[in-house]
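Participant: Provided herewith is a single structure, encoded as structure tokens, for subsequent inquiry.
Please treat every number below as a calculation from the coordinates, not as lab data. Owing to the predicted nature of the structure, the values given are computational and were not obtained by experimental measurement. FYI the Cβ positions are ideal-geometry reconstructions off the backbone, even for glycines, and counts take in every protein chain you see.
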Amino acid sequence: MRAAVVSRYGGPEVLELRDVPVPQPGPGQILVRVRSIGLNFADIFGRLGVYPDTPDPPFIPGLEFSGDVAAVAPDVTKFKGRERVMGYCRLGSHAEYVALNSQFATPIPSSMTYEQGAAFLAAGLSAHHGIVRLANLRKGERFLIHAAAGGVGLAAVQIAREIGAEIFATAGTDEKLRVAREYGADHLINYNNADFAQEIRRITNGGGVDVVMDSVGGDVYKKSWQLLEKMGRYVLYGVSSVTGKGAISRIRAAAAFASMRPLLPYSLISANKGIFGFNLGTLAGKETYFAEAAREILLLYNAGTLKPVVGRVFVFDDIVGAHTCLQTRQSIGKVVVNVAV
Ligand SMILES: NC(=O)c1ccc[n+]([C@@H]2O[C@H](COP(=O)([O-])OP(=O)(O)OC[C@H]3O[C@@H](n4cnc5c(N)ncnc54)[C@H](OP(=O)(O)O)[C@@H]3O)[C@@H](O)[C@H]2O)c1
């Protein structure tokens, strides 16, 4: 089969399309013929070698996909074979076939295309986990979402809209903000034209926000933490500010982490606010969580309140272009790569 292999840690150009053996499903696993890949920032961090648990190259990255079940291990009862599925794995979906724990795949609704299926789970689960499970965002609360036109960002805007929150969205271009508005954002802030913290103070007459979802970190974290009101909840789920256009920028990374001063747990009591982190890349052992959360976001999909947002679509031969698009902030919604049509 063909697979996009990380040949060494680095920029998008280190991805090489190679012929490799089709993986065999082990106990509890299914083999899926991949139709579409949903790209995630985690794929970029994996390629850059940032995560401590990233394997040494060469390896096949990719945590999200849609496709058809091609084989089923004898002990698997959830699938019989041939079902249309979307799934979530730690690595390996940048390929024509992927083998994964059957518990981390779920059938695609008949109304969803393969491209939409590949764009749904990671963004939906992340936004749902941050907003619903952790922050417990309530109707009428002020909600700040950074990178609001990204994959997770647009899912978060839709979920917060459904809850009835007042949504403050930041993004780097007016075009991105226009899309965030389309999905329900109330206040649009292009951080290249204005200081987002000052804008929020202005709009709220010197107030702040109740919940923040921040995947950027660094200076954005510092300012957003200051904006958090009493009883506020902060969800930090990424530090994309450490990346540049190509390989990892150690100077950027050092600056980003230096601006995020450690918090003393007891200081949160008098500050009267809280902070959460999560990493859905490490779901091993959390099969029940996945089943429940996937069911909940599919209910939102069926109700028409959470739609997968497919942005740019690439062919597998242009996997380098797809990674470049996401890493260089050109994407709106999800970047999808069609492996087979
Ligand atoms: N912890 C978890 O389990 C989890 C799960 C999913 C995603 N995440 C995190 O959530 C974030 C969004 O993921 P995603 O896959 O949905 O990506 P995305 O938001 O679709 O794309 C990334 C966006 O982040 C913004 N950004 C800010 N600083 C950036 C930088 N230095 N380099 C590149 N982009 C930058 C850009 O939007 P603007 O132009 O508007 O700034 C860019 O378009 C990532 O940080 C990712 O690691 C975490």
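Participant: Using 7 Å Cα-to-Cβ label points, what is the Lys80/Asn279 separation (nm, one decimal)?
Facilitator: Here the answer is 4.0 nm between the modelled labels.
Participant: Okay, moving on. Over the residues of the range 252-327, compute the C-alpha Rg and express it relative to 2.2 N^0.38 Å. All intermediate terms of the calculation are to be shown ahead of the outcome.
Facilitator: On the way: Rg = 19.3 Å, N = 76, 2.2 N^0.38 = 11.4 Å.
My calculation over the Cα atoms of the range 252-327 gives 1.69.
Participant: Further, regarding this structure: Projected onto the charge dipole of the chain (+1 at Lys/Arg Cβ, -1 at Asp/Glu Cβ, origin at the Cα centre), which of Gly311, Gly184, Pro12 gives the Cα projection farthest towards the positive end?
Facilitator: It is Gly184, whose Cα lies furthest towards the positive end.
Participant: What full-extension length gain, to one decimal in nm, is calculated for Ser267 and Glu229 as 0.36 nm per residue of separation minus the Cα-Cα distance? Don't jump to the answer; show the numbers that get you there.
Facilitator: On the way: separation 38, 0.36 × 38 = 13.68 nm, distance 1.48 nm.
12.2 nm is the gain from fully extending Ser267 to Glu229.
Participant: Right, next: Pairs Lys80/Lys286; Lys139/Lys176; Lys176/Lys273; Lys78/Lys286; Lys176/Lys307: which exceed 28 Å Cα-Cα?
Facilitator: On the way: Lys80/Lys286 23 Å; Lys139/Lys176 25 Å; Lys176/Lys273 30 Å; Lys78/Lys286 16 Å; Lys176/Lys307 17 Å.
Long pairs (Cα-Cα over 28 Å): Lys176/Lys273.
Participant: Where nothing but the Cβ of Lys and Arg (+1) and of Asp and Glu (-1) is charged, how large is the charge dipole of the range 122-277 around its Cα centre, in debye to the nearest 20?
Facilitator: Values: 19 positive and 13 negative charges, 75 e Å.
That gives the range 122-277 a dipole magnitude of about 360 debye.
Participant: Right, something else. Can you find, among Leu236, Ser267, Ile131, the residue farthest towards the positive end of the dipole of the chain? Put +1 on the C-beta of Lys and Arg, -1 on that of Asp and Glu.
Facilitator: Toward the positive end, the furthest listed residue is Ser267.
Participant: Follow-up question, since we're still on this one. Work out Dmax and Rg for the range 122-277 from the C-alpha atoms and quote the Rg first, both in angstrom.
Facilitator: 14.7, 42
Participant: Another question, if that's okay. Evaluate the charge dipole of the range 31-158 about its Cα centre and quote only its size in Debye, nearest 20, assuming +1 on the Cβ of each Lys and Arg and -1 on the Cβ of each Asp and Glu. Don't skip to the answer; put the middle values down first.
Facilitator: Numbers: 12 positive and 10 negative charges, 92 e Å.
With only Lys, Arg, Asp and Glu charged at Cβ, the dipole is about 440 debye.
Participant: Right, here's the next one. Filter the trypsin sites (Lys or Arg not before Pro) in the range 256-312 to those in DSSP coil with at most 15 other Cβ atoms within 10 Å of their Cβ, and list the result. Please report the intermediate quantities before stating the final value.
Facilitator: Values: sites: Lys273, Lys286, Arg295, Arg312; in loops: Lys286.
Passing both the DSSP loop test and the Cβ count: Lys286.
Participant: Between Arg178 and Arg252, what FRET efficiency comes out of the Förster formula 1/(1 + (r/R0)^6) with R0 = 25 Å and r the beta carbon distance, rounded to 0.05?
Facilitator: Working: r = 28 Å, r/R0 = 1.13.
So the FRET efficiency works out to roughly 0.35.
Participant: Starting from the Cα gyration tensor of the chain, multiply each eigenvalue by 5, take the square root, and state the resulting semi-axes largest first in whole Å.
Facilitator: Values: eigenvalues 222, 97, 68 Å².
Working from the Cα gyration tensor, I get semi-axes of 33, 22, 18 Å.
Participant: Work out, step by step, the length gained on full extension between Asn205 and Ala340: first 0.36 nm times the residue separation, then minus their alpha carbon distance; give nm to one decimal. Walk me through the numbers on the way to the answer.
Facilitator: Numbers: separation 135, 0.36 × 135 = 48.60 nm, distance 5.23 nm.
Gain on extension, Asn205 to Ala340, equals 43.4 nm.
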